[in-house]
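Let me begin by presenting the structure, written as structure tokens, before commenting on it.
Bear in mind that the values in this text are calculations on the coordinates, not laboratory data. Here the structure is a predicted model, which means the values were calculated and not measured. With ideal geometry, Cβ positions are generated from the backbone for all residues, glycine too; neighbour counts draw on all protein chains shown.
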Amino acid sequence: MKLGLLLGAAVAPLAIAGAVSAEEVVRAPDYNDGPVTALSEVIVTGRPVLRNRADDVVPTLSYDLEYFQRFEPLTAGDALKRVPSVAFLSDVLEYDGVRLRGLDSGYTQILINGDRVPGAGVDRSFFVDRIPAELIERVEVVRSSSANRSGDAVAGAINIVLRDALSLDGGYVRAGALMFDDSEYGQWGQTFGAVWGGQVGPGRLLVGANMQDRRNPKFKFSERYDEPNGELQNVEAQTDVRDGTDYSFNAAYQVDVAGGELALSGLFVRTDRFQDEDSLEYEGGVQTEANLAVVNDNDLDILTDNLSLDARYSRDMFGGKTRFKLGYAMIDDDQYEFENESEYLRDGTPYPDEDRFTADATDTRIKDEEWSGALEHKRDLSGATLEFGVQWAMKERDSLITEAPRIRFNVPNAPGVRPVVPPFGAFEAVPGGDSLIEENRIDPYVMLSGDRGALKWEAGLRYETTDITITDETAEAADRVTETDYGFLLPSASVRYRLNDTDRLTFSAARTVRRPSFDRLSPAALEEEFGDSDFIGNPNLKPESAWGVDVGFERQLGRRGVVGVNAFYRSISDLVEEVNTGDEGSAGEGTFIYTVDNVGDGQVWGVEFDLSTPLDFIGMETTGVFLNYSWLDSEVEDFMGTRRFNSQSDYVLNFGFTHDIPTWGAAFGATYRKQGEAAARVLAEEVRTSYGADLEIFLEKRVASNIVVRLTGSNLLDASKDEVFDKFGNVEDQIDRKYDEYELETEKGGPVYQLVARMAF
């Protein structure tokens, strides 16, 4: 029933497509073949860069780096925010966990060069905000699953294709300055990068390096009431500055060996970042020293290293092409957090007479290592292609989360002497904080595909096995080890039918799976992880599974434009979500201990429309426009009835244009982005999140045959993130709407400006 409604909703966008494509068209060329030169990366071409028309049978949207590059994205996440159905629930100006179709990032599979990302981060979502955009060759949005890829793609997959040794002939350097809006004269940063590719010995080599200053200054303001439209209890003003530098190095080498092709690649990313949160809390909502109740300083020092090594060898043998793959990935994440809090008004005496001081410190060290491999074979049969193979992975997470004994003392009123703050004592592991998680996977698959006339198809079957062992060194001996194993049979099929030279239909169906993240499996008890509430993982979680369908239509516009519409539906079983245990948290009354559990089943559906075309049909061949809009909806049954999936935005909108002036060697353009409201409901708390619109503008000028200068401004509308919190004492109060607290929070970051020069050589 829902799928029928979705197909009906697709009719209106298709009418637009018919109106635009009136002129004669030819099949678009493939712009991905052969090496490119560095010059194409930096000079104004006089032709707008548009979305590619992918030839894959699985519905796929493809974007070259040049599609994003003029807006100078800092990271892969910054680039991905422009593609259809991608949402984020991050802070302002941060784009980390990709939420494809608005779902939690764990539902989105992140691929690198078509393969599952080894060591995908400290959970199963990938650190896209730490991959420099300069490393990208193109980005693909893969809407359905195939048997030759891991089945962790309930919402779909994002395939980040990195530059390889064949993609560049020559090189370029990039240098620029950034200005952040958090001081009278701005706060400045810098960015540098260099890439070179060429022949070295018998093969081709590509090397690159990037340094990127990262700064995200934000201001937050909260108002807390006893209930909606009730009495204002207190307000909190907070500054949150995240400051640091990202470093990356990458290399790739391709060479012919023993009748086959050998490809070696490596990537290293270091994130060195410091986060400083300072807040002032005032009683009665009056921001004066006489009403100052709490001063809090919360600092977080982060050092994260990411290393990925990959080797691939392919050659013709056994009547077809055989490929061998080996990979190693490591993530080493070290975070030191300390918090100082001074309380006033506990005895009624206002500032500067301090009444109580509290200090806490936590040291978190998490190291993930993964070894992966594959043996795959593809051969032609009569009228079809057979592909089969086996993929395996061994992953290990070693966690040590420790905290120091809390320092707390009362401060006497003057003329009493304030006690000296003692140093922190010995750090000890929190409950569940000293643990080892081991995961072993073996995934065989078989797939048939064919191309006959107007019809292109594929069908496959994949079987994924998973064995997980969790060892909690802080538990009693009898409860120390938890073992889980499971297997999933994952069929998939896709069909693409070409109606004529311009129009084609696609249909895909697949079963997919979402394994619980290591963060959710970990038995560690984390204090004040959700605001003032605690969190503890659940080692007994079952994986989620889903059946999904995608139905789409795509039309070529002129020689280079494309318009498409896609309807999707997912039915998800054993849904995993955060739940409130109802137990009081470490911070006392009004706080809770949260965990995760399998809460039941859910459904997700939506319609996605995208347009990318030059305006040559009205004589503006150097002007390109793009528009994508995704309408998203879902349904879950919980303790209060029916709701959407937690934190799923109800829509995502992007539109913009670029305009080249070839005679001046110049270009300009703008993008506008907006995502809809997201809501979440768990036991004792509900939150609604909305974002303001994001406007970006660029101006570029070629100043020499091989040099271009570009000025970019982002967040020019000073978009805010606004959250409304409904807080209750227990589920009965929640149902009866008896409030414990009602909070309004606003967060703003300010504009960011970049001035960047690129020189090809």
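Past the 24 Å Cα-Cα mark, which pairs from Lys701/Lys721; Lys674/Lys748; Lys321/Lys456? Where the Cα-Cα span goes over 24 Å, the pairs concerned are Lys701/Lys721.
Between the listed residues Ala719, Ile110, Ser649, the Cα displaced farthest toward the positive end of the dipole of the chain, a dipole computed from Cβ unit charges relative to the Cα centre, is found at Ile110. So which lysines pass the test for Lys325, namely a Cα distance under 16 Å, with those fewer than 8 places away in the same chain ruled out? Within reach: Lys378. A simple spin-label model places the labels of Leu717 and Asn229 2.9 nm from each other, with each point 7 Å out along Cα-to-Cβ. For Asp650, the residues 5 or more places off, or on other chains, whose built amide H falls under 5 Å of its own are Gly676, Glu677. Once the chain from Thr239 to Arg559 is taken as fully extended at 0.36 nm per residue, the excess over their C-alpha distance is 110.1 nm. Take every Cα pair under 8 Å whose residues are at least 6 apart in sequence, average their separation, divide by the length of the stretch 139-262, and the relative contact order is 20 percent. For the stretch 207-358, the Kirkwood hydrodynamic radius comes to 20.3 Å, computed from all pairs of different C-alpha atoms.
Listed values for the stretch 86-96 are Karplus-derived 3J(HN,Hα) couplings in whole Hz (6.51 cos²θ - 1.76 cosθ + 1.60, θ = phi - 60°), namely 8, 10, 9, 10, 7, 5, 4, 6, 10, 9, 10, and x replaces Gly and Pro. Among Ser690, Met759, Leu292, which residue has its Cα positioned farthest towards the positive end of the charge dipole of the stretch 2-760, with +1 placed on the Cβ of Lys and Arg, -1 on the Cβ of Asp and Glu, and the dipole taken about the Cα centre? So the residue furthest toward the plus end is Met759. Just add up the charged neighbours of Thr623: K/R +1, D/E -1, any other residue whose Cβ is under 13 Å from the Cβ of Thr623. After counting each charged neighbour, the total is -1. Each Lys or Arg adds one and each Asp or Glu subtracts one; over the other residues with Cβ under 11 Å from the Cβ of Pro614, this totals 0.
Beyond 39 Å, what share of the Cα-Cα pairs of the stretch 2-760 remains, rounded to the nearest whole percent? Tail of P(r) above 39 Å: 39 percent of Cα pairs. Axis of helix 11-20 versus longest Cα principal axis of the chain: the two differ by about 50°, to the nearest ten degrees. Take every Cα pair under 8 Å whose residues are at least 6 apart in sequence, average their separation, divide by the length of the chain, and the relative contact order is 14 percent.
About the Cα centre of the chain, how large is the charge dipole given +1 on each Lys and Arg Cβ and -1 on each Asp and Glu Cβ? Please answer in debye to the nearest 20.
Values: 75 positive and 135 negative charges, 1050 e Å.
Roughly 5040 debye, rounded to the nearest 20.
Could you let me know the centre-to-centre spacing of the stretch 686-738 and the stretch 565-606, using Cα atoms, in angstrom? Taking the Cα centre of the stretch 565-606 as reference, the centre of the stretch 686-738 is 24 Å away. A Förster radius of 25 Å combined with the Cβ-Cβ distance from Asp316 to Ala251 puts the calculated FRET efficiency at roughly 0.40. Relative contact order of the stretch 692-746, taken over Cα pairs closer than 8 Å and 6 or more residues apart, is 30 percent. Amide hydrogen proximity for Ala54: with H placed 1.01 Å from N in the peptide plane, the residues at 5 or more positions away or on another chain lying under 5 Å are Ser62.
Sorted fewest first by neighbouring Cβ atoms within 10 angstrom, Lys220, Lys542 come out as Lys542, Lys220. Annotation: the antiparallel percentage among DSSP beta bridges lying fully within the stretch 490-646 is about 95.
Taking 7 Å steps out from each Cα toward its Cβ at Asn113 and Gln199 produces label points 2.3 nm apart.
Cβ-to-Cβ counts within 10 Å put Tyr225, Tyr497 in ascending order as Tyr497, Tyr225, the fewest first.
Estimated from helices alone, the mean residue ellipticity of the chain at 222 nm is -1000 deg cm²/dmol (sum of -39500 (n - 2.57) over DSSP H runs with n ≥ 4, per residue).
Spin-label model, Phe409/Asp181: points 7 Å from Cα along the beta carbon direction are separated by 4.5 nm.
The stretch 479-558 and the stretch 648-670 have Cα centres spaced 32 Å apart.
What is the local net charge at His377, summed over the other residues whose Cβ is closer than 13 Å to its Cβ (Lys, Arg +1; Asp, Glu -1)?
After counting each charged neighbour, the total is +2.
Each residue of the stretch 532-544 is assigned a 3J(HN,Hα), and the resulting list reads 8, 9, 9, 9, 9, x, 10, x, 9, 4, 9, x, 8 Hz, derived from the Karplus form 6.51 cos²θ - 1.76 cosθ + 1.60 (θ = phi - 60°), x at Gly and Pro. Computed 3J(HN,Hα) for the stretch 680-695, one whole-Hz value per residue from the Karplus formula 6.51 cos²θ - 1.76 cosθ + 1.60 where θ = phi - 60°, is 9, 9, 10, 4, 6, 8, 9, 9, 10, 10, 9, 10, x, 6, 10, 10, glycine and proline marked x.
Counting beta carbons within 10 Å around each of Lys367, Lys721 and listing the fewest first gives the order Lys367, Lys721.
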